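Take a look at the structure set out below.
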Amino acid sequence: MLEMAQNRPMASRCMIITLITMSTLLSMVCQPKLLTDSLYQDLLSLPIADNLHVDPESIREASVDFGLIVRETPAAVLHPSRPEDIAILVAFAYNRPSTPLTISARGCGHSVQGQAMARDGVVVDMTSLGNKGSRTTVSWSPSLGHYADVGGQQLWIDVLEETLKHDVAPVSWTDYLYLTVGGTLSNAGISGETFRYGPQINNVYEMDVITGTGDYLTCSHDKNPELFYAALGGLGQFGIITRARVALGPAPKRAKWVKMLYSDFSAFTMGQEHLISRHGRDQDEAMDYVEGSLLMRRNSGSWISFFSPSDHQRLMSLVTEHELLYCIEVAKFYDERTQSTVDKDLEMILKDLSHVPEFMFEKDVAYVDFLNRVRVSELKLQGQGLWNVPHPWLNLFVPKSRIANFNTGAFKNIVLKKNITTGTVLIYPMNKNKWDDRMSAVIPDEDVFYTVGFLHSSGFEDWQEFDLQNKEVLLFCEDNGIKVKQYLPNYNTEREWMQHFGPKWRTFQEGKAQFDPKMLLSPGQRIFNHNYKHGFEL
């Protein structure tokens, strides 16, 4: 942290002293709270006692997440050897007659507001399952075709590598593959494929889930369907996902990857909506991936690397001229069978778009390289010491009917005027009919809605400035009646959660009462234990 401060030209002596003070406070806050004698003895009596850790290093790692904004200290960390270890812990917590022991499952810790933390509770390190947990097994059946059984702790990159050995792959992805299966399925799992194949939760046939009562259940559309639909997009409130059976399709070999620049927002959204209107899974003239982004001079570091260095000067001239540019990003996958026709298909799909003339750029890359594209940026930022920094993110679903208002009020009148945004800003549409409304995930009530993601990276001393911008965007939406829904939601009161879930709130409550009646699971989400306040923020 001090090295980062010293490397910043504007860092002052006062700032460095402040950082030292904050570091001292942090070391004090992150000291593990001693377990009570009775609880400690009870835990030692469990067959999982050897897998429970209270050492400072384990506690410290479980006290932070990718956001690096919220810090919460658990009482212990469980490193399970098998899923049954988790069930033993949950059953123990459920059957305690005294104060409940809260439990939070943690994959790679990519939450940004402490959602995977459990202050004074137990954090379950899902990655500890490793080879002993469910791995990736590819199978085929007449009714399902190819599918894969994967452990909840598995990273999607590992799932990809294993399924490719069988020339198949999941059809719906997240932009970043170093996330766990259980983590993305507890939210939704979205990317540029969602418009066509639905979110990842819509591509699951079956799951094993450990509920808040310690029951270890298999669920599907037909077996324990209430748990199945609740857990998918359920923010970890109903159970811990230890296995999922996911849909697979033929694996492409390569991708035609295209970016087109727009100066006119209306043309940009019309182009995106035209592209996602072709969304049949077996439709040859449909795109496989459609996303978009907001380009500014200030955040050029997050987008310009795609383009050839010889194009950088004219790109920067264009963004300087218009201040805001919009980029449609698409991909068309192909293999040996479609190699001879992919260029013609791509030309036909894109021919009616109205991007800025001579500002369309194309790459031909391996399918795996396309899916794993964010990893390249991650490694670069890690090398520069800019990855493990605060991430005050805001992800929204915005109704199509108000996206033009959002552009004017949020992008132009807040983001552009504040001129602090240096990270990626995503904006791309999805089709409501690709989502299953029986699942817990919440989206706007319109046939087409947009994902808007402010993926900020900040310094340790200025993340509050980005957080204030996020709050200003949300306040703008509230004041102007734009009924947005947060993706990866973060609320502090029951009223806000009720508004978020809307008509699904009663079903969500009933599911909680059935599957986690003592409210043990995922306390960091602050849904049912809304009086739970974060103990420390940088």
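The values are calculated or read from the model by the stated rules, or taken from the named source; none is laboratory data. From a predicted model like this one, the values you see are computed outputs, not experimental measurements. Neighbour counts run over all protein chains shown; Cβ positions are idealised from the backbone, glycine included. Remember, those area values only see protein heavy atoms, side chains included, never the ligands or the DNA or RNA. Shrake-Rupley method; radii C 1.70, N 1.55, O 1.52, S 1.80 Å.
Only residues that are under 24 Å from the mean Cα position of the chain (by Cα) and farther than 19 Å from Ser172 by Cα were counted across the range 274-295, and they come to 3. On inspection, Val484 qualifies as closer than 16 Å to Val442 by Cα and in contact with a helix residue (DSSP H, G or I) (Cβ under 9 Å, 6 or more places away or on another chain). How many residues are surrounded by 19 or more Cβ atoms within 10 Å (Cβ to Cβ) and not hydroxyl-bearing (Ser, Thr, Tyr) if we restrict to the range 93-104? Residues meeting the conditions: 3.
Count of the range 509-526 residues, restricted to those that are open to solvent by 30 Å² or more (accessible area, probe 1.4 Å) and within 24 Å of the chain's Cα centre (by Cα), is 2.
Against the criterion of being acidic (Asp, Glu), within 16 Å of Val112 (Cα to Cα) and at pLDDT 95 or above, Asp436 does not qualify. Against the criterion of being open to solvent by less than 60 Å² (accessible area, probe 1.4 Å), in a helix (DSSP H, G or I) and modelled with pLDDT under 95, Ile20 does not qualify.
Does Val90 fit the bill of being under 20 Å from Val181 (Cβ atoms), at pLDDT 95 or above and part of a helix (DSSP H, G or I)?
Yes.
Do you know which residues across the range 457-475 are among the hydrophobic types (A, V, I, L, M, F, W, C) and open to solvent by 40 Å² or more (accessible area, probe 1.4 Å)? Leu468, Leu474, Leu475 - these are the residues of the range 457-475 that are among the hydrophobic types (A, V, I, L, M, F, W, C) and open to solvent by 40 Å² or more (accessible area, probe 1.4 Å).
Consider the range 26-59 and keep the residues that are among the aliphatic types (A, V, I, L, M) and open to solvent by 80 Å² or more (accessible area, probe 1.4 Å). The one that is modelled with the lowest pLDDT is Met28. Among the residues of the range 490-508, none is identified as aliphatic (A, V, I, L, M) and either open to solvent by less than 30 Å² (accessible area, probe 1.4 Å) or within 20 Å of Pro225 (Cβ to Cβ) (or both).
The range 212-305 holds strands (runs of 3 or more DSSP E) entirely within its bounds, and those carrying 3 or more residues that are open to solvent by less than 20 Å² (accessible area, probe 1.4 Å) and among the small types (Gly, Ala, Ser) map to 239-250.
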